[in-house]
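Quick notes on the structure that follows.
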Amino acid sequence: MSRALHPPAPPSQSPVGRHAAAPTYGDGLDAADAMEAIGGPAVPLARAAGTILILYGTLLGLWSQQHNESPALLTAIRHWFNRPLGIGEDFTMLGVLLLLLAAGYESAGAAPAARALAIRLARLYAPILAATTLAALLTHVPTVIWTNPMGATAGLADYARNLGLVGQVTASVPVLVPLAWVVALEIVARLGSVLDSVVRGDLPVVETIGLAAVAGVLFAAAHGHLGQLAVVLSSYPLVVIGQAIRRTRDGTLPIWATALLGVAGWALLGWAEHVCPALAGWWYPLTAAYAIPLFALAVVTGGEVAERIAAAPITHWLATRAQWIVLLAGVAGFPMLALLQGRTSQVTAVLPAVAVTCLVAEAGHRLANWRAAPR
């Protein structure tokens with residue numbers, strides 16, 4: 001029962017030991033080396049696929065819903081895929097869950113040295129800072145960006161609160177970058193690796209603490225407190241499951257323990273639907289039931305074909321720019337859709353919107369990593 005999902009490499013060959021600093025995919029490495037360092041093609045594949053799904057769900061699905069449009073392509077995909085599979089929000093949440101699984105998988109293991117950890121956290125926070133700043137500026141320009149509520153105008157106080165992610169966990173502040181919480185959970189996972197290095201054991205201590213914290217917040221939400229925080233943390237079990245999968249692959253956690261953590265995490269996601277009205281009816285546990293096996297399958301069966309796809313330049317590029325693209329889709333992509341509205345079909349307008357989003361994301365990524373080796 002203690003068999004790993006994938007046989008770990010011998011200690012002399014293994015790039016990541018249980019208490020060695022866990023690398024981030026693409027840490028100054030080319031695609032092949034980065035994939036080897038992180039332990040296979042699962043992370044780049046999940047990050048790239050999640051990014052594409054979020055781009056589609058945001059720039060085509062969400063824009064259409066907000067502007068009462070129904071492109072034939074979107075209608076067909078909803079009819080043939082979303083409704084039969086029970087996956088809502090035009091695959092956006094499926095993409096988010098894949099990103100969280102990859103984030104958990106990456107974060108498993110001991111933290112790097114303090115300076116290296118600080119650099120990684122700063123680079124994770126950089127897209128939140130950039131997207132929030134750009135969004136705050138654009139709220140004063142006659143264009144359209146994705147905010148919650150739509151059409152919000154940000155003053156200095158709102159801007160500061162969004163930089164501190166206050167808007168993500170309280171309902172009293174307009175949210176300038178609605179998906180900033182996804183990157184925030186990845187930051188939490190990275191901070192958790194510090195505790196993991198202190199504990200230095202083969203029990204799932206950090207993973208259990210993570211699930212217990214989510215359960216505590218959901219319990220408070222069930223009694224009328226911390227409702228918005230519960231909405232955000234309800235997806236954190238996917239990070240924990242990603243961590244457990246990584247530990248099982250490395251041979252430091254028996255597969256039965258990973259199964260228990262997976263069931264517990266999935267149950268918490270289901271409980272969240274009952275205690276958080278904002279989550280009711282979206283069937284996120286069903287979406288997670290697709291995301292988790294897909295990610296685990298990529299870890300277990302990553303063969304030559306998967307490695308070739310993961311090592312492809314476009315996959316590597318999407319995987320290393322995922323946080324930037326996801327946060328900028330509603331900030332850089334929406335204004336382009338607004339500019340082209342009425343001038344061309346929406347499906348056609350999505351292409352330049354994606355291009356603008358990716359260009360701004362590339363600029364931000366390069367600026368945040370200007371001292372690092374090329375990725």
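The values are calculated or read from the model by the stated rules, or taken from the named source; none is laboratory data. Remember, predicted model here, so these are calculated numbers, not experimental data. Ideal geometry is used to build each Cβ from the backbone, glycine not excepted, and the neighbour counts take in all protein chains shown. We work out accessible area using only protein heavy atoms, side chains counted, and drop any ligands, DNA or RNA first. Shrake-Rupley method; radii C 1.70, N 1.55, O 1.52, S 1.80 Å.
Tell me, what are the semi-axes, in whole angstrom and largest first, of the equivalent ellipsoid of the range 141-217 as set by the roots of 5 times the Cα gyration tensor eigenvalues? Intermediate values should be presented prior to the final figure.
Values: eigenvalues 235, 28, 21 Å².
Whole-Å semi-axes of the equivalent ellipsoid: 34, 12, 10.
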Two decimals, Cα atoms only, Kirkwood Rh: what is Rg/Rh over the range 59-173?
1.05
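Restricting to DSSP H runs of at least four residues, report the calculated mean residue ellipticity at 222 nm for the chain, -39500 (n - 2.57) per run over all residues, nearest 500 deg cm²/dmol. Spell out each step's value before the answer.
Numbers: 19 runs with 236 residues, N = 375.
About -19500 deg cm²/dmol.
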What is the log10 of I(q)/I(0) for the chain, computed with the Debye formula using one identical point scatterer on each Cα and no solvent, at q = 0.07, 0.09, 0.13 Å⁻¹?
-0.29, -0.49, -1.07
Would you mind listing how long the range 42-112 runs along its three principal axes, going by Cα atoms, in whole Å with the largest first?
48, 24, 15
Full-extension gain in nm, Ala160 to Thr75, via 0.36 nm per residue minus C-alpha separation:
26.7 nm
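Defining a contact as two alpha carbons under 8 Å apart and six or more residues distant in sequence, what relative contact order in percent does the chain show? Please list the in-between numbers first.
Values: 587 pairs, mean separation 110.5, N = 375.
Computed over the chain, the figure is 29 percent.
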Using 0.36 nm per residue, how much length does the chain from Thr170 to Gln341 gain when fully extended, once their Cα-Cα distance is taken away?
58.3 nm
What is the distance, in nm, between label points placed 7 Å from the Cα along the Cα-to-Cβ direction at His274 and at Thr143?
4.5 nm
Suppose accessible area is computed on protein heavy atoms with a 1.4 Å probe; arrange Cys276, Cys358 from highest to lowest.
Cys358, Cys276
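Please compute the Kirkwood hydrodynamic radius over the range 232-298, one decimal place, Å, based on all pairs of different Cα atoms. Show your work: numbers first, answer last.
On the way: mean 1/r = 0.0814 Å⁻¹.
About 12.3 Å, per the Kirkwood formula over Cα pairs.
State in Å² the accessible area per residue of the range 131-255; use a 1.4 Å probe, count heavy atoms of protein chains only, and round to the nearest integer.
Numbers: 4950 Å² over 125 residues.
Spelled out: the 1.4 Å probe surface of the range 131-255, per residue, equals 40 Å².
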Using the alpha-carbon atoms, what tilt in degrees (0 to 90, nearest 10) does helix 284-300 show relative to the longest principal axis of the chain?
50 degrees
Considering the zone a paramagnetic label at Trp282 would reach in this model (a point 7 Å from Cα along the Cα-to-Cβ line), which residues of the range 309-340 have amide N under 18 Å from it?
326-331
